[in-house]
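The values are calculated or read from the model by the stated rules, or taken from the named source; none is laboratory data. In this text, all values refer to a predicted model and were calculated from it rather than measured experimentally. Neighbour counts are summed over all protein chains in view; Cβ atoms, including those assigned to glycine, are modelled from backbone coordinates with ideal geometry.
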Amino acid sequence: MKIFVNCSKTKRLLHIITILIIPITIYMCKSKYGTNTRGYGVVLKDGNLNENLAGDLTSKLSNDLIDTENIHWTWFLHSKFVSKPKIRCVSNKEMKPIRFLPNFKNPCWKAKDGLLNDGKVHCLPFFYLLGVKKSATTDLFSRISKHPDICRPSFSKECQWISSRRFGAPNHVPKMRAIENHITKRGIETTSVEFYVSMFDSAAACIANENTTMHRKITVDASTMTYFMHACWEHLEDNKYLDEPRYTNFHFIKQLIPNAKFIIIFRDPVERLYSDFIHASRGKYKSNSPDIFHNQVKIVVNAYQDCLQRYTKRRCVYNNTVSQQLLSRHLEVAVGFTAGFHAIYMRDMIDVFGLSQIKPILMTEYVTNMEQMINSVFNFLELSEVDDTKMKSMLNSRIENLSILKHAWQMKNETATLLYSFYKPFNKDMAELMEDSRYLFS
């Protein structure tokens, strides 16, 4: 455990939220649930833990640390979660259906009709914008949220409650901490559904204040990690003793908001991973970025290939042992790598919601036919058409989260070849699932 604490204090990781969330969430789960936590160390060939992570990047990527033998597969085996958790996560069996108001398009309720019986209108999101990361989700969110019938929540785009905060993981974003502190001062626990509902209070007021009999306005949760981050599934009551989850983030949303809609932008997983790496590392490696990226990719690919020789695709994707051990080695690609397993997550989403509630978008299509894609999103959400002036405003908005750094340091060809080879069976599964060859990304 000492090793994990040292890692979490490393200055260069504090500002990388996407890398912090998963190890912190796993830490919360492991420590709160009383399970073995030795898996956070770096495992050497002799089976001992390396407690000294200091030193330059070369030593951290040395051969002593990168062999796939160093993945401690005994920790991969599912533990028997017998003890009761100190922080209780909401179980599928505990969720009671909410009676939503019939004159609200958005899922809203009031007083005795649901949670937080304070006489006010409370709302949950009508739709989710899930990503995947570095696939223009922020840009799409920025443009479509200009529609007059979309009410932004106080946290604006993403709160990461479903993927991490409901398990007790701390939040390191100052604006989010301020919003959350305001809610907890009312005596609402961060792990409760009431907390998630309270995060939409400002959006609920926007929706309720609409001066009409039929309230048409809606709100959104654009937390991209809801799609691919399932860090604590092993500790949920509904997944007890299982090697793969029966109950995922998607089941939680289904129980809470049965008619929720989902928009997902998909991008070539190889290009997306490199973009994510440049974003996560904030360009600190500069001209060495392609080489560092290649070294990290080799480590991660070898680890997952080793896993796939032992276990099923779904088990390797959902079990967190591999990713947490790779994270302990300061690998920026460890988190983003899992976002490329499109077929696994998408099949689970379709099994829960069906394709009618899901709108997949290819990033290439969004970039080249932006107006058409935005209008298709509005049709999917059953929103009114916007006039030419409003559409022009949306189209002329500045591009969000555009990185110019990646253009300076192109990925190495051998790295791309390695990644395309690894992702090929997953892309093939995705293309068959979607009945669309464009998801082959080749």
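Details
- Odd one out for ILE183 among (1) in contact with a helix residue (DSSP H, G or I) (Cβ under 7 Å, 6 or more places away or on another chain); (2) of a type in the set (A, V, I, L, M, F, W, C); (3) surrounded by fewer than 15 Cβ atoms within 10 Å (Cβ to Cβ); (4) over 24 Å from THR338 (Cβ atoms): (3)
- Looking across the stretch 138-154, the residues that are over 13 Å from GLU400 (Cα atoms), touching a helix residue (DSSP H, G or I) at 6+ places or on another chain (Cβ under 7 Å) and not polar (S, T, N, Q) come down to LYS146, HIS147, ILE150, CYS151, ARG152, PRO153.
- Matching residues, the stretch 315-336, being farther than 20 Å from GLU234 by Cβ, out of contact with any Ser or Thr (no Cβ under 6 Å at 6 or more places or on another chain) and either at pLDDT 85 or above or of a type in the set (Val, Ile, Thr) (or both): LEU331, VAL333, GLY336
- Remark: pairs (first residue in the stretch 417-442, touching a residue at least 40 places away in the same chain (Cβ under 8 Å) and over 18 Å from GLU271 (Cα atoms); second residue in a helix (DSSP H, G or I) and of a type in the set (S, T, N, Q); Cβ separation under 9 Å; 6+ apart in sequence or on different chains) are absent.
- Unmet criterion (only one of (1) in a loop (DSSP other than H, G, I, E, B); (2) over 18 Å from the mean Cα position of the chain (by Cα); (3) modelled with pLDDT of 90 or more; (4) farther than 30 Å from LYS390 by Cα) for PRO148: (4)
- Any hit, the stretch 364-372, residues being crowded, with 18+ Cβ neighbours inside 10 Å and in contact with a helix residue (DSSP H, G or I) (Cβ under 7 Å, 6 or more places away or on another chain): yes
- For the stretch 269-352, the helices (runs of 4 or more DSSP H) that sit wholly inside it and include 1 or more residues that are of a type in the set (Val, Ile, Thr), within 15 Å of the chain's Cα centre (by Cα) and under 18 Å from LYS134 (Cβ atoms) are 333-337.
- Residue within the stretch 379-396 that is touching a strand residue (DSSP E or B) at 6+ places or on another chain (Cβ under 7 Å), surrounded by fewer than 18 Cβ atoms within 10 Å (Cβ to Cβ) and touching a residue at least 12 places away in the same chain (Cβ under 8 Å) present: yes
- The listed residue being closer than 30 Å to GLY119 by Cβ, within 18 Å of the chain's Cα centre (by Cα) and acidic (Asp, Glu), out of GLU189, GLU158, GLU234: GLU158
- The residues of the stretch 196-210 that are assigned to a helix (DSSP H, G or I) and out of contact with any helix residue (DSSP H, G or I) (no Cβ under 6 Å at 6 or more places or on another chain), listed by number, are TYR196, VAL197, ASP201, SER202, ALA203, ALA204, ALA205, CYS206, ILE207, ALA208.
Listed here are the residues, each with its yes/no results for (1) touching a helix residue (DSSP H, G or I) at 6+ places or on another chain (Cβ under 8 Å); (2) β-branched (Val, Ile, Thr); (3) part of a loop (DSSP other than H, G, I, E, B); (4) under 26 Å from LEU140 (Cα atoms).
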{"site": "GLU194", "(1), (2), (3), (4)": "no, no, no, no"}
{"site": "THR212", "(1), (2), (3), (4)": "no, yes, yes, no"}
{"site": "GLU234", "(1), (2), (3), (4)": "yes, no, no, no"}
{"site": "LYS254", "(1), (2), (3), (4)": "yes, no, no, yes"}
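- Of the residues making up the stretch 390-410, those that are of a type in the set (Gly, Ala, Ser) and at pLDDT 85 or above are SER393, SER397.
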